[in-house]
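Below you'll find the structure, written out as structure tokens, and then a few comments.
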Amino acid sequence: GGFSITGKIKTALIENAIYYGTYLLIFGAFLIYVAVNPNFNLQWNQLQTIGIAAANTWGLFLLVLLLGYGLVEIPRSHWNGAKRGYLLMKTYFKAAKLMTEKADAEENLEDIMEEVRKVSESIKYNHPLRKCVDTILKKCPTEYQERMGRNMDDYEDFDERQNSYPSEKSLAKLHKQVIYSVQRHRRTQVQWQILLEQAFYLEDVAKNESSATRQFVHTFHSQEPENKIIQYFYTPTVEWYWECLLRPWFYRVLAVVLATFSVIVVWSECTFFSTKPVLSLFAVFIQLAEKTYNYIYIEMACFLTIFFLSICVYSTVFRIRVFNYYYLASHHQTDAYSLLFSGMLFCRLTPPLCLNFLGLTHMDATISHKNTQPTAYTSIMGSMRVLSFIADGFYIYYPMLVVILCIATYFSLGTRCLNLLGFQQFMGDSEMTSDLIDEGKELIRREKRKRQRQEEGENRRREWKERYGNRDDSTRSRAVHTDQKESSFSETNANRPLSKYTRSNGRTERDRIELLQDAEPLDFNADSVNDDPLESDSGR
């Protein structure tokens, strides 16, 4: 929120000093204990290894938590994606939740913009803090900038008034709130449009499943221009066979393959400490290839193993959401805080992920207890044998907890706990979930009707322009001529009584007007009524 580079650096140093000061205190206390204790005679290389071991211990703690969730959730999400209507119901649920977040973001933006308007009206152009206010206004949406610019007075001198002006610190705080609220509002708007496109497409899939023509028909045409090559090969018939027939079976087969990999990983995590006999399946595969010197097979086996472990761990990071403050949003809608938080998390997870892979394949000397050539990882990170209670205890037995985490994820214990705490989660047997699904379905139906009306209006305007575009000039001149005649006629009849009954539609209408002007209204209270009211002597 600072208005200068110095202010930004100062704020960042203060906030990071508080955060990392806790780590420094813990490490300093540990270092003092090692220096005082005579049993430890550590050199600089060993001290560096201890620091790396501490970082890897924390990273392995996070790794097992994320891995236990990904090993179950990734195969299950693909299996549920093959079910008919499951993705559509989940999209309805997301729509109801996102609409609440979207309304909250709009309300928050309105409140922040009201504060900005008050500050902008109090601090005028001759105030030294006006440049800070201009910086804040540039971050506001365009419609709010235009609205605030109408009430500005450049010529009135406000220095003579005894007003209480905000300080630069409060303006920096307001600047930070404006940046966050505008980014959140833009993110919810983009996510809402993306979710609408997904819902409309899933509704089209459900509607086309019973199509007899076997051609995929879209309710709305894509707003983005499609690639000519994709449009040539991905015809409506191919799209129907893929979306309605082949894609569910492909997802089921993929879910079975991923579930098989997950079972192999869980078994290997629980048994990789056993070297005689070798129970880890990944170690068995590598040792079989090692005997035949099949280097290509070793590369492919290592690549697939690390690839699957990375997918399970890193995809869970993309699903982490810490109170709407730290989470990754698609389509370039992630804020700077979430990007830095996720980047630091990836950096902390990658080294322990490599260490865990070396343990699964028995390539780490700490696990295999062989005096083999050290790996590149060990040569950089150092051997973990310096701290025996971590190398022989934590690194070996802690990964077994992945079994408990997989069981908890399979029975959705975390989702149920969050649901009990008031955070709405998608659960099929919950009454709150069914209510949110109904609400989301109504929201999608409303947006669909709105878009259909817009497209119908655009089509009518396009057809009108194509049909009557050549006669626009003659029609416009004829309309102008008719308006002039009507205006002149209305001016001539403006001074006549009963002019509100006049109509300019020809001679017959003018005769009717004259008849109304000369006729006498009937008096039903009189003793007798004349047969011809025009012959009556009494005037009006």
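The values are calculated or read from the model by the stated rules, or taken from the named source; none is laboratory data. Just so it is clear, the structure is predicted and the values come from calculations on it, not from any experiment. Here the Cβ is made from the backbone with ideal geometry for all residues, glycine too, and neighbour counts use every protein chain on show. The accessibility values were calculated without ligands, DNA or RNA, using every heavy atom of the protein model including side chains. Shrake-Rupley method; radii C 1.70, N 1.55, O 1.52, S 1.80 Å.
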Anything in the range 331-363 that is outside any helix (DSSP H, G or I) and more than 30 Å from Lys276 (Cβ to Cβ)? List them, or say none. His331, His332, Gln333, Thr334, Asp335
Given (1) open to solvent by less than 100 Å² (accessible area, probe 1.4 Å); (2) within 30 Å of Gln452 (Cα to Cα), number of the condition Tyr232 does not satisfy: (1)
Kindly indicate the residue of the range 391-420 that is open to solvent by less than 50 Å² (accessible area, probe 1.4 Å) and of a type in the set (Phe, Trp, Tyr) and also farthest from the chain's Cα centre (by Cα) among those meeting that condition. Tyr395
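Filter the range 160-197 down to the residues that are among the polar types (S, T, N, Q) and at pLDDT below 90, then identify the one that is farthest from Ser338 (Cα to Cα).
Step by step, filter the range 160-197, then rank; the result is Gln162.
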Among Tyr297, Tyr314, which is in contact with a Phe, Trp or Tyr (Cβ under 9 Å, 6 or more places away or on another chain) and either of a type outside the set (Ser, Thr, Tyr) or open to solvent by 80 Å² or more (accessible area, probe 1.4 Å) (or both)? Tyr297
Taking the range 51-98 on its own, how many of its residues are surrounded by fewer than 19 Cβ atoms within 10 Å (Cβ to Cβ) and under 30 Å from Val34 (Cα atoms)? 8
Test: Ile194 is open to solvent by 60 Å² or more (accessible area, probe 1.4 Å) and of a type in the set (Val, Ile, Thr): no
Looking at the range 3-11, is at least one residue out of contact with any Phe, Trp or Tyr (no Cβ under 7 Å at 6 or more places or on another chain), under 30 Å from Leu174 (Cα atoms), outside any helix (DSSP H, G or I) and not assigned by the TED database to the domain that holds Asn356? yes
